[in-house]
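Participant: Provided herewith is a single structure, encoded as structure tokens, for subsequent inquiry.
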Amino acid sequence: MLDIRYIRENADRVQKSAQDKGYAVDVAQLLKLDEDRRELLQQVDVLRTKRNENAANLKDGKPDQATIDEGKTIKVELTELEASLKTIDDEYNALLQALPNITAMDVPLGGEEDSVEIKQWGKQITGAKDHLDFALARDWVDFERGAKVAGAKFYYLKGDLALLENAITQYALDFVIKKGFTFMTVPHMVNARTATGTGFAPRSQDQGDQYFIDGEDLSLIGTAEASLTGYHADEIIEEKDLPLLYAGLSPCYRKEAGTYGKHARGLFRVHQFNKLEMYAFTLPEQSVDFHEKILAIEEELWQSIGIPYHVINIAAGDLGAPATKKYDIEYWSAVDGMYRELTSCSNCTDFQARNLNIRVRREDGHIETVHTLNGTAVSLARSLIAVIEHYQNLDGTLQVPEVLRPYLGNRELL
RNA sequence: GGAGAGGUGACCGAGUGGUUGAUGGUACCGGUCUUGAAAACCGGCGUGGGGCGACUCACCGAGAGUUCGAAUCUCUCCCUCUCCGCCA
């Protein structure tokens, strides 16, 4: 959520950002509630002071009857006022929660089509064989049995393709560890507070992309970002310890409701895939630069694997609630002759951190909310598509990208 | 899953209805002392909200309740620990 003080002073920008993102919210209404709430809060405080003073009015350690009667009167009044406060408070909180983060100044306006390309790397070749046909021919993937055992969009990876996934994971892991990230395995389920604090839809909306565990306050994570955001919830981090960099490896579970037919074939959009996610807790003034740094790490990683790509600055209408700005790396699909999403990195500024109460104690002692950022190192299912499209041979074999060979027993060919 | 014991400030740990937002200790910060350091002594030291401010309100796992008054009593839930059961 946003800082109410910031909203008071920047109502127009908050309103505009929400609209640009496609959120129907009424900031004026929120500010009205904010005022009403503060006014009521003062009345409640006055009454509570009265109550406390009255209760402290003792003779020989006991109150007299008049004090008790007075206390009863105050209690009736207070109960009533507190009920009104709770009503207004709930409404206020609901509106506050519904506000998305503001967008950075350099975020393009518009929807998915309006994202701006800011860089290209590599050659746009075409004519490759579809990754699914290619993999099926080698008996490397089995969607039919995935469907039998779990359902549509579940799959088995087999043999060398499974080994390739493993190799990419290990390579990326070593790569980000060298960049200073601490490797973590994480809970694959999180509670509602963590999920909604990270920015995912609560169960009450019942749709969304998450799998909920029946009868439990748990949902399967759609990304390690959720588990990593919650890691420092309710903590005050010392300034000298920032930035804190983590790399979380986990499966990601997504319902992908309503996305059938859209890039549906093969491994591009599935219910479960593994992902190595970079995550950073930074000082507020560090996050903008750090966002560029995460992007640079992603680029360096994918260049080293040799996959052509471009980087786009995601338009406001395509940004999630927590992000103030997001870069996607889209790899060049040698099958489709177009760019398709491979990685994504976002600066969430203080939005997630405020939800989950993650703060920093500055050197001078004052306390403020930290900033959080996340970025994909490798999203495995899609990484496999990219590698198959760019390293396939006409005879159906697959060349191993040079940097991955040490992780595949130095094999050059699969 | 069953039985029991617990959840208090950065940490340890008092506190079972009435100036306790919380004794004491440790750590930390400032000062005295010292050539310097240590020790000793003195002082400071939770978070959040409201108010220009004096000040005030809330928070002792979470929520509800009892009471003039709750960290202290009751209920529900969550979590931790021990033992048993089960199990990669």
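The values are calculated or read from the model by the stated rules, or taken from the named source; none is laboratory data. For clarity, every value in this text was computed on a predicted model and none was experimentally measured. All Cβ positions, glycine included, derive from the backbone under ideal geometry; neighbour counts span all protein chains shown. Just so you know, the surface numbers come from the protein's heavy atoms only, side chains and all, with ligands and any DNA or RNA stripped out. Shrake-Rupley method; radii C 1.70, N 1.55, O 1.52, S 1.80 Å.
Participant: How many Å² of accessible area per residue for chain A, probe 1.4 Å?
Facilitator: For chain A, the solvent-accessible area averages 48 Å² per residue.
Participant: Tabulate in residue order the Karplus-calculated ³J(HN,Hα) for region A:110-117, using 6.51 cos²θ - 1.76 cosθ + 1.60 with θ = phi - 60°, rounded to whole Hz; enter x for Gly and Pro.
Facilitator: For region A:110-117, the Karplus curve yields x, x, 3, 6, 9, 4, 10, 6 Hz.
Participant: Now, a different point. Protein chains only, probe 1.4 Å: how do A:MET338, A:MET278, A:MET1 rank by accessible area, largest first?
Facilitator: Ranked from most to least accessible, the order is A:MET338, A:MET1, A:MET278.
Participant: Then there's this: Classify region A:182-250 as rounded, prolate or oblate from the Cα gyration tensor: take a ≥ b ≥ c as the square roots of its eigenvalues, call it rounded if a/c is under 1.5, otherwise prolate when a/b beats b/c and oblate if not.
Facilitator: Cα axes put region A:182-250 in the prolate bin.
Participant: Right, another one. If all Cα-Cα distances of region A:294-414 are sorted into 10 Å bins from 0 onward, what percent lands in each bin, rounded to whole numbers?
Facilitator: 12, 33, 26, 16, 10, 2, 0
Participant: Take the Cβ-Cβ distance between A:ARG145 and A:ARG48 as r, set R0 to 45 Å, and report the resulting FRET efficiency rounded to the nearest 0.05.
Facilitator: 0.10
Participant: Related question: Ranked from highest to lowest mean number of other Cβ atoms within 10 Å per residue, what is the order of the peptides A:398-405, A:18-25, A:164-171?
Facilitator: In descending order of packing, they fall as A:164-171, A:398-405, A:18-25.
Participant: Next question. For region A:13-163, just the Cα set please: Rg and Dmax, both in angstrom.
Facilitator: In Å, with Rg to one decimal and Dmax whole: 31.6, 94.
Participant: Amide H neighbours of A:ILE237 under 5 Å, at least 5 residues apart or on other chains, H built in the peptide plane: list them.
Facilitator: Amide H neighbours of A:ILE237, under 5 Å, 5+ apart: A:ARG359, A:VAL360, A:ARG361.
Participant: Residues with amide H under 5 Å of A:GLN272's amide H, sequence separation 5 or more or different chain, H placed in the peptide plane at 1.01 Å from N; which?
Facilitator: Amide H neighbours of A:GLN272, under 5 Å, 5+ apart: A:ARG254.
Participant: Using only protein heavy atoms and a 1.4 Å probe, report how much of A:GLU82 is accessible, in Å² to the nearest 10.
Facilitator: 60
Participant: Using heavy-atom solvent-accessible surface (probe 1.4 Å) with all chains present, what is the largest-first order of A:GLU330, A:GLU53?
Facilitator: A:GLU53, A:GLU330
Participant: Kindly identify region A:214-361 as rounded, prolate or oblate by the Cα gyration tensor criterion: order the square roots of the eigenvalues as a ≥ b ≥ c, call it rounded if a/c is under 1.5, otherwise compare a/b with b/c, prolate if a/b is larger, else oblate.
Facilitator: oblate
Participant: Further question: Could you derive backbone 3J(HN,Hα) for region A:329-344 from the dihedral phi with the Karplus parameters 6.51, -1.76 and 1.60 (θ = phi - 60°), listing whole Hz in sequence and x where the residue is Gly or Pro?
Facilitator: 9, 10, 7, 7, 7, 6, 9, 8, x, 7, 8, 9, 4, 10, 9, 7
Participant: HN-Hα J couplings of region A:94-106 from phi, Karplus 6.51/-1.76/1.60, θ = phi - 60°, integer Hz, Gly and Pro as x?
Facilitator: 4, 5, 5, 5, 6, 6, x, 4, 6, 8, 5, 4, 9
Participant: Which whole-number percent is the relative contact order of region A:130-272 (Cα, under 8 Å, 6+ apart)?
Facilitator: After rounding, I find 24 percent.
Participant: Give the residue from A:PRO187, A:SER227, A:PHE143 lying farthest towards the positive end of the charge dipole for chain A; charges sit on Cβ (+1 for Lys and Arg, -1 for Asp and Glu) and the dipole is referred to the Cα centre.
Facilitator: It is A:PHE143, whose Cα lies furthest towards the positive end.
Participant: Over every pair of different alpha-carbon atoms in region A:349-409, take the mean of 1/r and invert it; report that Kirkwood radius in Å.
Facilitator: 15.7
Participant: Here's something else I'd like to know. Rounded to a whole number of µm²/s, how large is the Stokes-Einstein D of chain A at 4 °C and 1.567 mPa s, given Rh as the Kirkwood radius over C-alpha pairs?
Facilitator: Rounded to a whole number, D works out at 54 µm²/s.
Participant: Considering only protein heavy atoms, with the full assembly of protein chains and a 1.4 angstrom probe, order A:LYS62, A:LYS178, A:LYS255, A:LYS326 by accessible area, largest first.
Facilitator: I get A:LYS178, A:LYS62, A:LYS255, A:LYS326, largest accessible area first.
Participant: How large, in percent, is the carbon and sulfur part of the accessible surface of chain A at a probe radius of 1.4 Å?
Facilitator: The C+S portion of the solvent-accessible surface of chain A is 50 percent.
Participant: While we're here: Can you tell me the Rg and Dmax of region A:276-324, counting just the alpha carbons, in angstroms?
Facilitator: For region A:276-324, the Cα radius of gyration and maximum Cα-Cα distance read 12.7, 34 Å.
Participant: Scan around A:LYS119 for amide H atoms under 5 Å from its own, H built in the peptide plane at 1.01 Å from N, and keep only partners 5 or more places away or cross-chain.
Facilitator: A:VAL311
Participant: Please express the shape of region A:127-265 as an equivalent ellipsoid: the semi-axes are the square roots of 5 times the eigenvalues of the C-alpha gyration tensor, given largest first in whole angstrom.
Facilitator: Semi-axes from the Cα gyration tensor: 31, 23, 12 Å.
Participant: Pairs to check: A:LYS32/A:LYS75; A:LYS153/A:LYS326; A:LYS129/A:LYS255; A:LYS179/A:LYS240; A:LYS275/A:LYS326. Give those whose C-alpha atoms are more than 21 Å from each other in this structure.
Facilitator: Pairs exceeding the cut-off: A:LYS32/A:LYS75; A:LYS153/A:LYS326; A:LYS129/A:LYS255.
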